[in-house]
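Below: one structure, written as structure tokens.
The values are calculated or read from the model by the stated rules, or taken from the named source; none is laboratory data. Source: prediction; values computed, not measured. Counting neighbours? That spans all protein chains shown, and the Cβs are built from the backbone with ideal geometry, glycine included. SASA here: full protein model, heavy atoms, side chains in, ligands and nucleic acids out. Shrake-Rupley method; radii C 1.70, N 1.55, O 1.52, S 1.80 Å.
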Amino acid sequence: MAWHDTIKAAHLAVTSAVSHARRLQSERYFVWQEDGGNDLSANDAHVERAVQGTTDLFTTREHDPWAEELGEALSSHGIAWYLSGVQYEEDTGFFHYEWVWEVTD
């Protein structure tokens, strides 16, 4: 399975309200985007490839259960991750969660 299919499957295990790199018009949704690679090189070749990225949850719900569910889905799909931040955006009224993840290709 390609790395992007693994990421999509993890998000879709929680909801279909997910987009690649663009915000949705909804009160609750995920946006994910790849940020770069983290390749292991040896003998002038890429021995192992990994892609790093972020997922953002925008929600109007305080303590949204999707936050815990995404962590479980990422783990169950073999994706390394950590929650890097949670903040409330006063100008939009959204709680904004951000995960950083890495998946092998």
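Based on what the data block shows, is VAL100 assigned to a loop (DSSP other than H, G, I, E, B), among the aliphatic types (A, V, I, L, M) and at pLDDT 90 or above?
The answer is no for VAL100.
What's the number of the only condition in (1) out of contact with any helix residue (DSSP H, G or I) (no Cβ under 6 Å at 6 or more places or on another chain); (2) free of Cβ contacts under 8 Å to residues at least 60 places away in the same chain that VAL51 fails to meet?
Of everything listed in (1) out of contact with any helix residue (DSSP H, G or I) (no Cβ under 6 Å at 6 or more places or on another chain); (2) free of Cβ contacts under 8 Å to residues at least 60 places away in the same chain, VAL51 misses just condition (1).
Is there a residue being hydrophobic (A, V, I, L, M, F, W, C) and either buried (at least 18 other Cβ atoms within 10 Å of the Cβ) or touching a residue at least 40 places away in the same chain (Cβ under 8 Å) (or both) anywhere in segment 89-96? Reasoning before the result, please.
Our first condition is that a residue be hydrophobic (A, V, I, L, M, F, W, C); within segment 89-96, this holds for 94-95.
Remaining after also requiring either buried (at least 18 other Cβ atoms within 10 Å of the Cβ) or touching a residue at least 40 places away in the same chain (Cβ under 8 Å) (or both): 94-95.
Yes, that holds for at least one residue.
Tell me, which residue of segment 54-71 that is without any contact (Cβ under 8 Å) to a residue 40 or more places away in the chain and out of contact with any strand residue (DSSP E or B) (no Cβ under 8 Å at 6 or more places or on another chain) is nearest to HIS4 (Cα to Cα)? If you could, list the steps in order and put the result at the bottom.
Going residue by residue through segment 54-71, those that are without any contact (Cβ under 8 Å) to a residue 40 or more places away in the chain are 58-65, 67-68, 71.
Keeping just the survivors that are out of contact with any strand residue (DSSP E or B) (no Cβ under 8 Å at 6 or more places or on another chain) gives 63, 65, 68.
Numbers: HIS63: 28, PRO65: 24, GLU68: 21 Å.
Step by step, filter segment 54-71, then rank; the result is GLU68.
Test LEU74 against the stated conditions and say whether it is open to solvent by less than 70 Å² (accessible area, probe 1.4 Å) and either farther than 17 Å from TYR97 by Cα or modelled with pLDDT of 90 or more (or both). Steps first, answer last, please.
Details: open to solvent by less than 70 Å² (accessible area, probe 1.4 Å): yes; either farther than 17 Å from TYR97 by Cα or modelled with pLDDT of 90 or more (or both): yes.
When the stated conditions are applied, LEU74 passes them.
From the residues in segment 5-39 that are touching a residue at least 40 places away in the same chain (Cβ under 8 Å) and hydrophobic (A, V, I, L, M, F, W, C), which one is most open to solvent (accessible area, probe 1.4 Å)?
The qualifying residue most open to solvent (accessible area, probe 1.4 Å) is ALA13.
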